[in-house]
Amino acid sequence: MEKIRILIVEDDVDLRETLEEVLSDEGYEVTTAERGEDAVTLASQQVFDLVVTDIKMPGIDGLEALEQVKQRQPEVKSLVVTGYSSHQDAVRAVRLGVGEYLQKPFGLDSLLQRVAEMVEERQAEQAEKSREQEHWRATLGALKVAAHLLDPRLLEAARKAESLSTPSTSLQAQAATLALGCKRLAEEISQIDFGLHLDGFLRGAQEHWDGSGPEGKSRDEIPLESRIAALVLHTTLNPDAELPEGRFDPELAGRLSKPTRCAPTGAADQRSLLTLGQAFERGGDLENAYRAYEGVLDGGELNLTAFEAALGKARIERAIRGERLPRLLKSVRGMAKNLGDQVRARAVLEGGLLLLPDPEAKAYLLEAQQLYGEQGDELGLARAHLGLASLGEEAPFRAALEVLLQPEHIWELSDSSYWMLPWLLAKPDLVEPGVVVRVLGESARGLKACMEDDSLSIEARLHAVDALRKFEGDLPLAPVRVLMQDKTPQIQKALEALKVELKSAQGASLKLVSFGPFVVSRGDESIAETEWKHQKVKYLLAYLAKNWRTPVPDEQLMEEFWPGPADRAKRSLYQATYNLRRCLKDPDAPQLDYVRRERGCLSLNEDLPIWNDYKELEEALSGGCEPDNRAMLNRALRLYRGPYLERCYMDWAVSARGSLELKVMEALEWLTQDQLSQGNKEGALQHARQLFELDPLSNAAQLLTMKALVGLGQSKQALDHFKVCEDLLRQELNLEPTIEMLQLQQAAKLQDEPSGLIG
């Protein structure tokens, strides 16, 4: 958790220094001001949790300074300490909502007790606000995804709503706009109950400014969010129509008619669309995946999320054998130039692998090999080596295969199977049969695709069957099932010898990917959304995975998922457990049960092969931010593909999502600082950009990105970044950039103009 920030306003230098020392020793982050005017300036540059101020001082007094600070930061707590005060001061203090009033002389214990009480109150308020904001952000993210697929004009309406709203009403106004639009445009959505607060805004949107609406509410009786939603949706869907007289708030309509600079699609919205596109792509819905990636790129921002979306488009082009692949890869490489060497390495690696088996891939892969070798990236280097080996180049492909067979790299292995299997199976003596079987066990989907597009010769398919026959362990069933669909007589004859072995074959490993949209797979085949009876059944699985250390009592599950009468909750739990087992059951190994019930508790069956990314991430982060834990922290970042259970809004999921995001941000901040201290500015920039995309309002993210850009001499990018941060701070927090950001801006300007003359 971030440190509590306290501002001390005191003209007595001895008392000011004493208070600073005592509060700093308690672990608070303390800033001091000698005059009221200085306090107001500081409050324009940074956010404080508590202001401790005297009343009488030169210039504006403490209460006037506090009033101006509260205008900028209404939620800040305040403690007034003074040796004397008038009745007027007391009245002013009450009017300002001063939290505590401490009379001089006072003991430091009394001060610390008052401060601790106010800090506890502040933290409780922040936690509640954070939960509420997280709920609205999650709701807004889901609505934006629905709106993008339904009618992209709704996203423009949401941007208009954002421009008309205040920082405190922005999320609600956007959500109300999108919900209202979705209800009007889609019959199946029109019946959805969005919850008490949002439905209240939707009812308000039916009211008229002049009071002629359904409930007769008028003017300020109608919530601001409702007035905004009704207006922007009408003007967006009916751009040429005149506004009906008396229908809308005239002040809002006047502001809307003035040209304003709409904010670009937010980073969180981009990530939501990206993860949705990746889920569509993995499920085989390439059309909707392409639309989602296009939605990310329509935002116009050049960042890591946009880069991933551009790569997604290239993968789809490769999957459909499209002719635009070289042009798309050129665009991907162009984007990567401005995102650092690590992204450039990724661009040439993915480009080379997508071009395989075309010889043109060689130049891409050689460049990737060099870049990943310099960066010490084991996974990137392994994939480059395998790609080069498939082209007949000398490369340590056996060691590379072992890297890709690690559980956390399963998607990279599966996605590589379309080019890897034809090469791997073409030469019987290339690797031992056990390695072939392990690869086949994780690549059934790729094996099926290779057989469908006829890229596997009959000799290669016979080699696959032969490797399975020679394998001495438990056979993976998925590739055998795919090969059995081959009606070629030689293949059918070769498979006869496997029929006895299949009785003891193992079921497919279960894989749970919970960062981003929740994806559950048997082997490399995702369980389709249509197979789940209800989302709660799927999230019950996620909850068991989250509590992987201990079995979960039925009572706890009922309280989290079905609060209410115990009998009804118990029936719901038993029905959900039945449906969960049905969904997870492997048709080739129906005797296996991935869910275990013992003594009134549910848990995942640890005796079966289950890979759970939540467990893996927790273990990777458990060592903390220490030099000896660098490799594990980097592994954690590879596992963190997006917010935890991004589209689940249950309390336990929202809480875990926020907690994990904070831990990942701490890891990113530490790794960025670590890279800067080692002089690796490229690596630092990569991590800083990830941190900035997670939380653009984070002071650390803004500063570290700026430091890395200035350190690399990328003055133009640094100045562009400063401008983005400046706009964000003013629009979202009504703050100015910090002194350190301003200093870095000046450094970037000097780099941009070597003469030293700043225009």
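Helices (runs of 4 or more DSSP H) fully within segment 259-347 that include at least 2 residues being at pLDDT below 85 and over 28 Å from G376 (Cβ atoms): 267-282, 286-298.
Give me the residue from segment 1-31 that is of a type in the set (A, V, I, L, M) and in a strand (DSSP E or B) and, out of that set, farthest from R72 (Cα to Cα). Even if it seems obvious, please write down each step before you answer.
Pass one, segment 1-31, residues of a type in the set (A, V, I, L, M): 1, 4, 6-9, 13, 15, 19, 22-23, 30.
Restricting the remaining residues to those that are in a strand (DSSP E or B) gives 6-9, 30.
On the way: I6: 15, L7: 14, I8: 17, V9: 16, V30: 19 Å.
Here the answer is V30.
Just one residue in the set E225, E251, E245 is surrounded by 20 or more Cβ atoms within 10 Å (Cβ to Cβ), among the charged types (D, E, K, R) and modelled with pLDDT of 80 or more; that residue is E225.
Taken together, the residues in segment 344-370 that are surrounded by fewer than 22 Cβ atoms within 10 Å (Cβ to Cβ) and closer than 22 Å to Q714 by Cβ amount to 3. Taking every residue in segment 138-152 that is assigned to a helix (DSSP H, G or I) and pairing it with any residue that is of a type in the set (S, T, N, Q) and surrounded by fewer than 19 Cβ atoms within 10 Å (Cβ to Cβ), at least 6 positions away or on another chain, the pairs with Cβ-Cβ distances below 7 Å are L149/N288. How about segment 526-546: which of its residues are surrounded by fewer than 17 Cβ atoms within 10 Å (Cβ to Cβ) and either over 27 Å from the mean Cα position of the chain (by Cα) or of a type outside the set (A, V, I, L, M, F, W, C) (or both)? E529, T530, E531, K533, H534, Q535 - these are the residues of segment 526-546 that are surrounded by fewer than 17 Cβ atoms within 10 Å (Cβ to Cβ) and either over 27 Å from the mean Cα position of the chain (by Cα) or of a type outside the set (A, V, I, L, M, F, W, C) (or both).
Would you pick out the residues in segment 676-686 that are assigned to a helix (DSSP H, G or I) and free of Cβ contacts under 8 Å to residues at least 24 places away in the same chain? Before the answer, list the steps.
Just the residues of segment 676-686 that are assigned to a helix (DSSP H, G or I), to begin with: 676-677, 681-686.
Answer for segment 676-686, where residues must be assigned to a helix (DSSP H, G or I) and free of Cβ contacts under 8 Å to residues at least 24 places away in the same chain: just S677.
Among the residues of segment 628-662, those identified as within 20 Å of A701 (Cα to Cα) and not aliphatic (A, V, I, L, M) are R630, N634, R638, Y640, R641, G642, P643, R657, G658, S659, E661.
This table checks each residue for (1) within 21 Å of D651 (Cα to Cα); (2) modelled with pLDDT under 90; (3) out of contact with any His (no Cβ under 9 Å at 6 or more places or on another chain).
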residue	(1), (2), (3)
A528	no, yes, yes
W548	yes, no, yes
E555	yes, no, yes
P563	yes, yes, yes
T577	yes, no, yes
R581	no, no, yes
D588	no, yes, yes
Q591	no, yes, yes
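Surrounded by fewer than 23 Cβ atoms within 10 Å (Cβ to Cβ), in contact with a strand residue (DSSP E or B) (Cβ under 7 Å, 6 or more places away or on another chain) and not β-branched (V, I, T) - does that describe any residue in segment 283-290?
yes
Scanning segment 208-235 for residues that are within 14 Å of A176 (Cα to Cα) and outside any helix (DSSP H, G or I) gives I222, P223.
Would segment 98-112 turn up any residue that is surrounded by 12 or more Cβ atoms within 10 Å (Cβ to Cβ) and either under 30 Å from A667 (Cβ atoms) or modelled with pLDDT of 85 or more (or both)? Within segment 98-112 (the criterion being surrounded by 12 or more Cβ atoms within 10 Å (Cβ to Cβ) and either under 30 Å from A667 (Cβ atoms) or modelled with pLDDT of 85 or more (or both)), the answer is yes, since at least one residue qualifies. Just one of the listed residues (L645, L750, L662) is surrounded by 21 or more Cβ atoms within 10 Å (Cβ to Cβ) and among the aliphatic types (A, V, I, L, M), and it is L645.
So if I check each of L155, L102, which one is assigned to a helix (DSSP H, G or I) and either without any contact (Cβ under 8 Å) to a residue 24 or more places away in the chain or over 30 Å from L15 (Cβ atoms) (or both)? Walk me through it before giving the result.
Working: L102 fails: assigned to a helix (DSSP H, G or I).
One residue alone meets the criteria, L155.
Of the residues making up segment 354-361, none is within 28 Å of Q678 (Cα to Cα), assigned to a helix (DSSP H, G or I) and of a type outside the set (S, T, Y).
Yes or no, residue by residue, for (1) within 20 Å of the chain's Cα centre (by Cα); (2) closer than 28 Å to P167 by Cβ:
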| residue | (1), (2) |
| --- | --- |
| A688 | yes, yes |
| K707 | no, yes |
| V710 | no, no |
| Q714 | no, no |
| N734 | no, yes |
| I739 | no, yes |
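Among the residues of segment 390-441, the ones that are surrounded by fewer than 20 Cβ atoms within 10 Å (Cβ to Cβ) and in contact with a strand residue (DSSP E or B) (Cβ under 6 Å, 6 or more places away or on another chain) come to 1 in all. Give segment 32-56 a look and list any residue that's aliphatic (A, V, I, L, M) and at pLDDT below 85, or say none. Passing the criteria: only I55.
The residue pairs whose first member lies in segment 393-413 and is aromatic (F, W, Y), whose second member is surrounded by 18 or more Cβ atoms within 10 Å (Cβ to Cβ) and part of a helix (DSSP H, G or I), and whose beta carbons are closer than 7 Å, counting only pairs six or more residues apart or on different chains, are F397/H385; F397/L386; F397/A389.
Between K487, K493, K536, K511, which is among the basic types (K, R), assigned to a loop (DSSP other than H, G, I, E, B) and either at pLDDT below 90 or in the same structural domain as V439 (by TED's automatic domain parsing) (or both)?
On the way: K493 fails: assigned to a loop (DSSP other than H, G, I, E, B); K536 fails: assigned to a loop (DSSP other than H, G, I, E, B); K511 fails: assigned to a loop (DSSP other than H, G, I, E, B).
Checking each option against the conditions leaves just K487.
Scan segment 693-715 and give yes if some residue there is in a helix (DSSP H, G or I) and in contact with a Cys (Cβ under 7 Å, 6 or more places away or on another chain), otherwise no. Yes, segment 693-715 contains at least one residue that is in a helix (DSSP H, G or I) and in contact with a Cys (Cβ under 7 Å, 6 or more places away or on another chain).
The values are calculated or read from the model by the stated rules, or taken from the named source; none is laboratory data. This one's a predicted model, so the numbers in the text were calculated from it and none came from an experiment. In this analysis, Cβ positions are derived from the backbone assuming ideal geometry, glycine residues included, and neighbour counts consider all displayed protein chains.
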